[in-house]
1. On average, how much accessible surface per residue is there in region 62-102, in Å², for a 1.4 Å probe, leaving out ligands, DNA and RNA?
2. Amide H to amide H, which residues 5 or more places from residue 73 or on other chains are under 5 Å from it, using H placed in the peptide plane?
3. Starting from the Cα-Cα distance between residue 20 and residue 131, subtract it from 0.36 nm times their residue separation and give me the gain in nm to one decimal.
4. Please calculate the 1.4 Å probe accessible area of residue 3, with all protein chains present, and give it to the nearest 10 Å².
5. Between residue 390 and residue 160, what is the spin-label point distance in nm, taking each point 7 Å from the Cα along the Cα→C-beta axis?
6. How much length is gained if the chain between residue 414 and residue 346 is pulled fully straight, taking 0.36 nm per residue apart and subtracting their Cα-Cα distance, in nm to one decimal?
7. Once label points are set 7 Å from the Cα along Cα→Cβ at both residue 13 and residue 380, what is their separation, rounded to one decimal in nm?
8. Take the Cα of residue 51, step 7 Å along the line toward its Cβ, and report every residue of region 88-114 whose backbone nitrogen sits under 15 Å from that point.
Amino acid sequence: MNKTLLIATSEYLRRVRSVWFAVATLAVPLLSLAVFALPMLAFSDDGDVDRIAVVGDAALGTDVARSLGDAADVSVSDAPLDTLRARVLDGALDGVLVLPDGLVAGEEGVRARYFARGGLDSGGGVSGATREAVRRARAEAAGASPEAVAAFSSDVPLDRVTVSEDGDQADDAIGRYLLANLLSLLLYIAILVFGMMVMRGVIEEKANRIVEVIASSVRPFELMMGKVLGIGAVGLSQLLAWGVLSFGLSLAVGPLLLALAPEAAASPAPDDVPFGPEMLAGMLSPDLLVAFVLFFVGGYMLYSSVFAAVGSAVDQEADAQSLQAVVVIPIMIPILCLTLVANNPDSGLSLFLSLFPLTSPILMVVRMAITDVPAWQIGLSLVLLAGAFVGMIALAARIYRVGILSYGKRASFADLWRWVRTA
């Protein structure tokens with residue numbers, strides 16, 4: 001056990017002292033902040049007002065202008081469409097809205113058209129305002145009173161409430177789905193990145209023949225376990241550092257982003273923000289955080305032992321691709337089933353996937369983020385995960401024991417099975 005801890009400590013210190021660890025620790029929070037901030041700034045209101053010319057039904061155009069409010073400067077024009085298109089091309093206008101006669105009457109084949117230079121922000125709000133104006137005009141044409149039209153167009157407030165054994169609470173399905181996606185993505189990246197790091201470490205030592213020297217004084221099982229524990233501790237340290245740095249950056253840069261995009265602070269209302277700080281704090285319960293760490297450790301140990309076996313079965317990283325696919329595919333299954341589990345967290349399939357050891361590290365955390373999972377299911381999932389890890393690491397240790405001393409031959413699945421039986 002002392003040798004295992006010695007190897008784990010050596011692996012941990014050697015990697016956290018490297019330049020690449022420092023670069024990755026700082027780069028990921030900065031890149032994550034950029035991914036969040038750049039779209040926010042790109043879609044922020046630059047203060048410009050769209051200049052729109054309306055051709056055709058003047059009364060309907062006036063109603064569209066009323067719906068758009070201050071977001072657009074709408075003017076009714078009788079100029080030829082070709083002239084107005086030329087003004088769009090030279091930048092004098094942002095768009096031309098054509099409202100032909102017969103649109104309100106609903107004549108067949110009569111359609112409204114909007115001419116602009118394109119882009120995601122082109123014509124923002126025009127479609128909704130036109131649709132609202134036409135519906136209102138059709139209702140009035142059908143004899144509906146202004147009160148009836150207003151009642152038909154009015155918003156209907158609906159509060160969704162989630163029922164649980166702990167009591168009713170406001171539904172935060174969108175926020176919980178985003179949280180489930182975030183946690184599953186973190187687990188997927190961590191398991192894949194640090195598991196492959198274990199595999200590359202084994203291949204490098206095997207290529208440099210260092211493992212022959214180490215294996216003369218340490219049992220292969222202790223060597224593999226020490227490597228898995230050491231790199232796993234690196235992963236946990238890096239996740240913790242990313243969390244602390246991301247939280248600090250959000251506190252430092254958040255006010256600046258809101259200053260550059262003030263509409264983000266004004267709309268939607270703070271109570272309606274789907275991933276606001278108060279809602280996030282309510283969803284990130286201590287139980288969920290503890291489960292996240294336990295399932296991360298369990299999933300990482302399970303997959304890292306397999307990655308170590310793959311690394312010990314090949315001489316070069318290029319040779320590991322075919323075996324590596326066998327390991328990567330089970331990791332991708334939870335990502336592919338994420339939406340399925342999020343939509344039906346209590347279904348039989350979701351229960352099975354959250355108990356099956358190869359998928360439970362990600363999908364049980366997703367279920368816990370979405371709904372209340374009975375404690376016995378969480379406990380059973382952890383027990384099955386621990387049992388699978390013990391069985392897998394015993395199996396991988398047999399492959400590791402023979403594979404790290406084998407050179408010059410690319411191991412087939414038949415070779416791996418023979419190593420397992422004879423080691």
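The values are calculated or read from the model by the stated rules, or taken from the named source; none is laboratory data. All figures in this text were calculated on a predicted structure; none of them were measured in a lab. Because the Cβ atoms are built from the backbone with ideal geometry, glycine has one as well, and the counts that use them run over all protein chains shown. For accessibility, only protein heavy atoms count, side chains too; no ligands or nucleic acids. Shrake-Rupley method; radii C 1.70, N 1.55, O 1.52, S 1.80 Å.
1. Numbers: 2240 Å² over 41 residues.
On a per-residue basis, 55 Å².
2. 50, 51, 52
3. On the way: separation 111, 0.36 × 111 = 39.96 nm, distance 5.46 nm.
Contour length minus the Cα-Cα distance gives 34.5 nm.
4. Residue 3 exposes around 100 Å² with every protein chain in place.
5. 4.2 nm
6. Details: separation 68, 0.36 × 68 = 24.48 nm, distance 4.00 nm.
Gain in length upon complete extension: 20.5 nm.
7. A separation of 4.5 nm, rounded to one decimal place.
8. What the label zone holds, given the 15 Å backbone N cut-off, is 88-97.
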